[in-house]
Structure formats: structure tokens, C-alpha cells
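These notes concern the structure reproduced below.
Values quoted throughout were computed directly from the atomic coordinates according to the rules given, and no laboratory measurement underlies them. Because the structure is predicted, anything quoted here is derived from the model rather than measured. Positions of Cβ are backbone-derived with ideal geometry, glycine not excepted, and every protein chain shown enters the neighbour counts.
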Amino acid sequence: MAEIALRSADVADAAAIARLHVAVWRQTYRDLAPREAFTALDERYRLEKWREKLSRPQADQLVLLAEQENRLVGMGAAGAPSDDAFGGRGEIKFLYVDQAVKRQGIGRHLLRHLAMHLAERRYPGAALSVVEGNRAAAAFYQALGARVIGRQVDPGPIWRSHNIIMAWDALDGLPRQP
Ligand SMILES: CC(C)(COP(=O)(O)OP(=O)(O)OC[C@H]1O[C@@H](n2cnc3c(N)ncnc32)[C@H](O)[C@@H]1OP(=O)(O)O)[C@@H](O)C(=O)NCCC(=O)NCCS
């Protein structure tokens with residue numbers, strides 16, 4: 001496998017991020033998300049959101065990109081928790097790996113660096129929400145040492161998804177080797 005390089009994203013990356021986000025999202029949720037979400041959450045919508053996110057970073061935000069021969073093949077974000085249900089742990093979000101390079105360790109690589117960032121910012125652990133029914137992602141997090149700590153309904157206006165909250169109580173040694 002060609003080498004994977006990680007780097008922090010900036011606003012100039014918004015279009016490439018939106019493209020990868022929409023492609024992986026549609027593949028992942030094709031049997032789970034309502035039709036309206038497929039229509040509304042298109043590249044134009046995501047591009048605007050990513051431009052906003054990258055030009056006005058939230059507390060402790062890191063958006064990390066994984067590139068292979070200068071092509072974006074994965075991404076992930078970390079930052080302050082958006083929900084009390086995360087128990088003050090740092091939040092991991094938007095972990096997406098291109099279908100073509102799945103299961104080659106890129107997700108684990110991104111997660112490790114996102115966890116290092118949260119540790120530097122002195123969070124006591126990491127947490128995230130996974131859509132109920134996204135079994136592959138839940139299995140991935142579980143294989144890397146996360147446990148289920150609760151449930152949550154996404155308040156989002158477009159898709160009120162039912163989610164499982166998964167967490168790690170320590171950041172050193174995360175992710176555990178499967
Ligand atoms: C989930 C995802 C981020 C994992 O990234 P990845 O690069 O494919 O995963 P890795 O190669 O790093 O996997 C590490 C370990 O996790 C486990 N794992 C990964 N994918 C798995 C799957 N589909 N089923 C079961 N276990 C899995 C395995 O133990 C794997 O180690 P192994 O391949 O040596 O057995 C990626 O598949 C993805 O983008 N999925 C679609 C989007 C998504 O659901 N994102 C999460 C939103 S919460």
C-alpha cells in the first residue's frame with residue numbers, strides 16, 4: 001500500500017472533504033437514512049458546512065486528513081463534546097474512509113492521532129455517536145477498545161437518527177490493537 005500522510009485540514013480543503021464525506025455517507029447510510037436526507041445532504045450542503053467549520057473552528061477542533069499520493073482517502077475530526085451524554089470526554093466526529101481503501105488501517109491511524117490531540121487538550125477520554133444499524137462502524141470502534149455508554153437521538157433538522165454512544169475512558173494506548 002502507498003504511504004498514508006496525515007495533515008490538518010484548512011478551508012482550501014473544503015471541496016475535497018465535502019466530496020469524500022458525501023460519497024462515503026451515501027454508501028454507509030443507503031439502507032438506514034430517509035430519502036429526504038439523501039437529497040438534502042448533498043455536496044453543496046456539505047461544502048457550505050465544511051467551509052464554515054474550517055474558517056471558524058470550534059473549541060479544540062482538529063480536522064485531520066489522510067492522503068495517499070496527494071489524494072484524499074480518509075478524514076476525521078476531534079474537539080470539545082457537543083453533548084452532555086459524552087461525560088466531558090473529547091468528541092470524535094466525521095471519521096470516513098474511502099471505500100476503495102477500507103480495512104487497510106487508515107481508520108485506526110486517524111483515530112490514534114485524533115486521540116493524541118484530545119490527550120494534548122487534557123480530555124479524560126473520547127466519545128462518539130454511531131447511528132444504530134451502522135454495525136460495521138460499531139464493530140470497528142469496539143475492536144479498538146470502545147464500549148457503549150448510552151444512547152442519543154440526533155436533534156438535527158434533517159434526520160433525527162437514533163444513535164449509540166461509544167467511549168474510551170483513557171486516551172493513552174488508544175486505539176487498542178485488535
Ligand atoms: C468505520 C471506518 C472508519 C473504519 O476504517 P477502516 O480504515 O476501514 O478500518 P481499519 O482498517 O483501521 O480497521 C481496524 C480494525 O477495526 C475492525 N474493523 C474495521 N472494519 C470493520 C468491519 N467492517 N467489521 C468488523 N470489524 C471491523 C477490525 O478489527 C480492523 O482490524 P483488521 O482489519 O486487522 O481486522 C470505515 O470503514 C468507514 O469509513 N466506514 C464508513 C463511514 C462510517 O461509518 N464512519 C463512522 C461513522 S460513526
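Return the single residue from Gly88, Gly107, Gly76 with maximal mean-square fluctuation; model: Gaussian network over the chain, springs between Cα atoms under 10 Å.
Gly88
For Val73, list long-range residues whose amide hydrogen, built 1.01 Å from N in the peptide plane, is under 5 Å from its own amide hydrogen.
Ala66, Glu67, Gln68
State the Cα centre-to-centre distance between region 106-126 and region 79-93 in whole Å.
12 Å
Beyond 30 Å, how much of the Cα-Cα pair distribution for the chain remains, as a whole percent?
10 percent
Per-residue ellipticity at 222 nm for the chain, helices alone: DSSP H runs ≥ 4 residues times -39500 (n - 2.57), over residue total, nearest 500 deg cm²/dmol? Walk me through the intermediate numbers first.
On the way: 5 runs with 58 residues, N = 178.
Calculated mean residue ellipticity at 222 nm is -10000 deg cm²/dmol.
In a Gaussian network model over the chain where Cα atoms closer than 10 Å are linked, find which of Leu47, Leu32, Leu144 has the largest mean-square fluctuation.
So, out of Leu47, Leu32, Leu144, the one fluctuating most is Leu32.
Please list the non-local residues whose amide H lies under 5 Å from the amide H of Gly150, H modeled 1.01 Å from N, same-chain partners needing a gap of 5 or more.
Result for Gly150 returns Ile165.
Fewest to most neighbouring Cβ within 10 Å: what's the order for Met1, Met166, Met75, Met116?
In increasing order of surrounding Cβ atoms, one gets Met1, Met116, Met166, Met75.
In the Gaussian network model of the chain, springs joining C-alpha atoms below 10 Å, which of Glu120, Glu43, Glu132 carries the largest mean-square fluctuation?
Sorting by GNM fluctuation, first place goes to Glu120.
So what does the Cα-only Debye profile of region 77-120 read at q = 0.18, 0.27, 0.30 Å⁻¹, as log10 I(q)/I(0), no solvent term?
Log-scaled intensity ratios, in q order: -0.57, -0.93, -1.04.
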